[in-house]
Amino acid sequence: MKLLSYISSRYALFTFLLALLSVPLFYLLVKHIMYNNLDESLTYQKYWVAQTMNRDTSINFTSYNNSVIIKPTALKTGSDSFYSKKVYIPEDDERVKHRILHTIINVHGRNYELEIQKSMLEDDDLFASVFTIQLFVIMLLFTGLFYMNRWFSKKMLQPFQDTLLKLTHYRIDKHEVPGFARTNITEFRSLNEALRQLLQRNVSLYKAQKEFTENASHEMQTPLAVIQSKLDLLLQTPVNHEQAGLVEELTTAVRKLQRLNRSLLLLTKIENKQFPETELIALKEVIGNQLDQFSDMAQEKNIRLEPGTMDALTIRGNGSLIDILIGNLFSNALRHSVRDGAVYISLKGNIFSIANTASAGALNPAYIFDRFNKQSANAKSMGLGLEICKQITALYGYKLNYDFADNKHCFSVTFH
């Protein structure tokens, strides 16, 4: 729900409830005022009748529009009594509500019972009139709110919409801080200034981290390659058995360090979104290529590769990263499968799954994708393969899952 719609709905609900409550209150207020005016008018008419009778007691005060009934009485003078009742009008053949004053007046020493009647508006007519007026006011208010909200959304919130649009299309790898529209609203100006400073800091940090990644890649790979070449030359020279063992261990350590360096640099690039290029990728072909590449590794451990259903699926992503994703899952399955075991591969719909026969129980799903978390004793494992898979799937919004069933470790990727 948009901000204006959210605010307007609250205002509209409050206005409707207030208007709904005001109808009976307004009706009671109008009725009270009308009764007071009628009672005041009847009181004035009582004094006029008394004064007129003091001049001439033979006057007949009974009339149609101004009903006055006077008759002698033995009752003593009392207070005025006001009440309402319906009176039958023969000319209209209906009962009309009247406001009535009943009192005792004294004329020339004699007491007279005086009743004065005034017709009044019916309650249902009064309520209908009040309701119609209130309904008109409510409709007018809602119409005004609707057009005011449209005006606010176009005028007042235009700078906010501009800021939101530029943030949506902002790319940190472009090294450009967007220029936000000028506005007279203090809060929007403060927001734009805070965003500008934040984006500038992010660009500076991104540049520094990218430069570090590139420098580290260049500076570390060169000495590692030199060490590797020197160790290879050393192995070709005459050395005793003990020295050969030491050189072999150093060679293994250097190769592991090279793989670790490449993996860490790859993770950094993925986290920095340094793979913006995307293309349409036929996933079935990628899986087929990985099957061919890992067939030799599978033969060394006498592991059967069992391709299952292979549906055609085309996804959009960076080709190198998708190759790394599928390759790491293959490598992980073969490395942790038991000798003479099997690896099962399938692509059903938009779900790629790979399972391998387990040498132990289920892995801990809470830590399996954590960096440097090794849940096996394999010396070649660095604990980064699944972390790289996790970062790639997170980059494109894919879903990576782990499951253990039928003594098999199963990893699956759900592509959208």
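The values are calculated or read from the model by the stated rules, or taken from the named source; none is laboratory data. Remember, predicted model here, so these are calculated numbers, not experimental data. In this analysis, Cβ positions are derived from the backbone assuming ideal geometry, glycine residues included, and neighbour counts consider all displayed protein chains.
Looking at Leu205, Leu231, which one is in a helix (DSSP H, G or I), in contact with a Ser or Thr (Cβ under 8 Å, 6 or more places away or on another chain), among the hydrophobic types (A, V, I, L, M, F, W, C) and under 27 Å from Leu260 (Cα atoms)?
Leu231
Listed residues Leu395, Leu347; which is in contact with a strand residue (DSSP E or B) (Cβ under 9 Å, 6 or more places away or on another chain), at pLDDT below 85 and not in a loop (DSSP other than H, G, I, E, B)?
Among Leu395, Leu347, only Leu395 is in contact with a strand residue (DSSP E or B) (Cβ under 9 Å, 6 or more places away or on another chain), at pLDDT below 85 and not in a loop (DSSP other than H, G, I, E, B).
Farther than 21 Å from Arg304 by Cα, in the same structural domain as Gly317 (by TED's automatic domain parsing) and at pLDDT 75 or above, is that true of Thr357?
No, not satisfied.
From Glu211, Glu187, grab the single residue that is modelled with pLDDT of 80 or more and either loosely packed, with under 11 Cβ neighbours inside 10 Å or assigned by TED's automatic domain parsing to the domain that holds Gln391 (or both).
Selected residue: Glu187, the only one of Glu211, Glu187 that is modelled with pLDDT of 80 or more and either loosely packed, with under 11 Cβ neighbours inside 10 Å or assigned by TED's automatic domain parsing to the domain that holds Gln391 (or both).
Those residues that are in contact with a helix residue (DSSP H, G or I) (Cβ under 9 Å, 6 or more places away or on another chain) and surrounded by fewer than 16 Cβ atoms within 10 Å (Cβ to Cβ), I need them from the range 190-204; list them, please.
Asn202
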